[in-house]
1. Can you tell me which of 302-308, 285-291 comes out highest on packing, and rank the rest after it, using the mean Cβ neighbours within 10 Å?
2. Can you give me the distance in nm between label points at TRP471 and GLU183, each placed 7 Å from the Cα along the Cα-to-Cβ direction?
3. For the peptides 320-329, 340-349, 470-479, what is the packing order when you average, over each peptide's residues, the other Cβ atoms within 10 Å and list the highest mean first?
4. Using alpha carbons only, how many angstrom separate the centre of the range 183-200 from the centre of the range 490-529?
5. Once both labels are modelled 7 Å past Cα along the beta-carbon direction, what's the ARG30-ALA348 spacing in nm?
6. Treating cross-link reach as a plain straight distance, find the aspartates and glutamates whose alpha-carbon is under 15 Å from the alpha-carbon of LYS415, omitting any fewer than eight places away in the same chain.
7. On the full set of protein chains, 1.4 Å probe, figure out the accessible area of PHE352 and give it in Å² to the nearest 10.
8. Assuming R0 = 41 Å, what is the FRET efficiency of LYS66 and ALA578, from their Cβ-Cβ distance, to the nearest 0.05?
Amino acid sequence: MVVSVKAVRLLRFTALMLLFMGSMVLLAQRVTVRSYADPVSIGRDEETTYTIEINGEGGFRAPTPKLPELNDFYMRGMMTSSASNYSIINGKVSESVTKSFIYRLLPKRPGALSIPAFNISVNGKDYSTQKVDIRVLDVPRAGSQQGQGGSQSQRMPLYMMDPFGMDPGFEPVGDIEIAAKAEKASVYVGEPLLVTYRLYTTQPVTSLELVDEKDFGGYGKEIYSEPNRLNFEQVRHKDQRYRSAVIKIVAISPNRSGEIELPRLTAKVHIGSIGLYSQVLDSQPLRINVRELPSAGRPVNFSGAVGNFSVSDSQPKSLVRLGEALEYKLIITGRGNFNQFSNPAYPAQADFRIASPVADNQLQAGISGTRTITYLLIPRREGKFDLPGISFNWFDPVSGTYKAFRATPRAVEVKPGNVLTYISNVFQRESIRTLSPFRPETAYKSRKQLLHSYLYWIIAGMILLSLLPSWIYAQKKKISHADPELAALKNSARVLKKYLRQAEFSALNGSQDFYPQAEKGLMHYLADKYRISRRFSTREKIYQLRLKGLDENLIISLEEFLKRCQEARFMPGGFDKAVLSNDLEALKQVIRSFITQPVSLKKFLGQGL
């Protein structure tokens, strides 16, 4: 009897388990699959999230769906989530499970794009997703349009992505541009202005290389500033936060009126911490309006100077002796077109011989600083004289008027000369008798004979000693005229040793000065050796080297090294000594390839290479 009760209980338990498992199988079959995108309207630089949701009662098995080939999107990442809901109805407990597979997608092009429907497997059974249409606008950002999920998409910064998981068609996400900004939108002819080229980016730019600079005419141009690295700062640009760095500042001096287009830069930027992606950028076009100088109030002898100047003069002496030179200085300080006007002439004087003026320029880019013009006035006779003041005029663009400086006349007294003035006037072309008449012997305090003076023999000995370097200098000039090519070769060797020494010192000390020194020394050496003007740009010098029929492989190796120098100048941060040492060896290899090997050249180069 006991055995039969146990058997009945076992049968009941088995039946209940079978019933429960059957009901669970039935519940598991109640699965729904839906797919959607959020948002469904985006800009070309924005991401959307594509979600596949699987909902079922009870437990189910669903492997991660494999997306079909997407021709219109790049996949940027994927994540999953799971949620369970329990409910009790009439004493019965039910469980609802939702699994979500979320994909971050970036459009490849603007337009009406779509994600096709495809099959996924749940518990071994195939279910179909729905086709999803996405509208991509041809603007960087479409604003905060809401999609089915009701949330705004967020873009993932490039530096947070896995660079080794990028698709072959990878393009960086974010904005990047080179903007040119002029100090003024309108200037006068001859009025200099600065144009600043800045890089604006939301991407992790690591280096920049200037590729080209296109000019359009109508102006003169000088480099005002060119940083050797990208010094980024946080700025507001287009109502957003950007990283920005100055690439170059040029000084422009317009030489004609009308609308002119300013220089346009082309640069190659490298993006990502390991430089996986590079992009060539052109600076945005920029134009300014150039006005003619007003004719009203223009001086008859207008100098052509345009700027904001402060002018003064200086005459240290008011008493000189016959045969001595009187020094007069005109000092022009400020900002203007220093390179476009000449030195004002000193008024002609019958009693003075006036030498050509000499200008000492302390200027930046030829537009700002101080110019000191020195005039030498040599008196022709004794007496008292009133020297007229020099005049200088210019146009001031700030006030829009012409301004003038007129120096006050100065009195000067010329007395008879002495022994020293006679000696100095031996080298003058004019007659000593006319320029400096002899003084009577009684005017001198001492009658000691010159041959008995120690000073005489000291001066004579110095003259004799000076003959040796003079002879050496004359021999060098003679060789230079006799064989210009050999002279150019010797000069290039001296230039090479000088810059190579500086470059080696910088490399050994881990200094980035190595790159500008290496580039400058190498190009000066080649210019001197092959008799090419140093005033040519680097590109023009390379063109001249090709015209001379040099081996194309040598030219290519030179271009590669110069490209390395350009990249290094804009590389943020420092370099370790190993990198600089490798680049030093590369420099030496380039030099070796250009040096011909006659014995006469080796003795000038020594063992530096």
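1. Values: 302-308: 19.0, 285-291: 15.6.
Peptide ranking by packing, descending: 302-308, 285-291.
2. My value for the distance between the label points is 5.7 nm.
3. Details: 320-329: 18.8, 340-349: 15.2, 470-479: 10.6.
Put in order of decreasing packing, that is 320-329, 340-349, 470-479.
4. Rounded to whole Å, the Cα centres lie 34 Å apart.
5. 11.7
6. Result set, ordered by chain and number: GLU324, ASP351, GLU382, ASP386.
7. Accessible area of PHE352: about 10 Å².
8. Numbers: r = 46 Å, r/R0 = 1.11.
That gives a FRET efficiency of 0.35.
The values are calculated or read from the model by the stated rules, or taken from the named source; none is laboratory data. Predicted, not measured: the structure shown is a model, and the values here were computed from it. Glycine also receives a Cβ, built like all others from the backbone with ideal geometry; neighbour counts cover every protein chain displayed. Note: accessible area is taken over every heavy atom of the protein model, side chains too, but ligands, DNA and RNA are not part of it. Shrake-Rupley method; radii C 1.70, N 1.55, O 1.52, S 1.80 Å.
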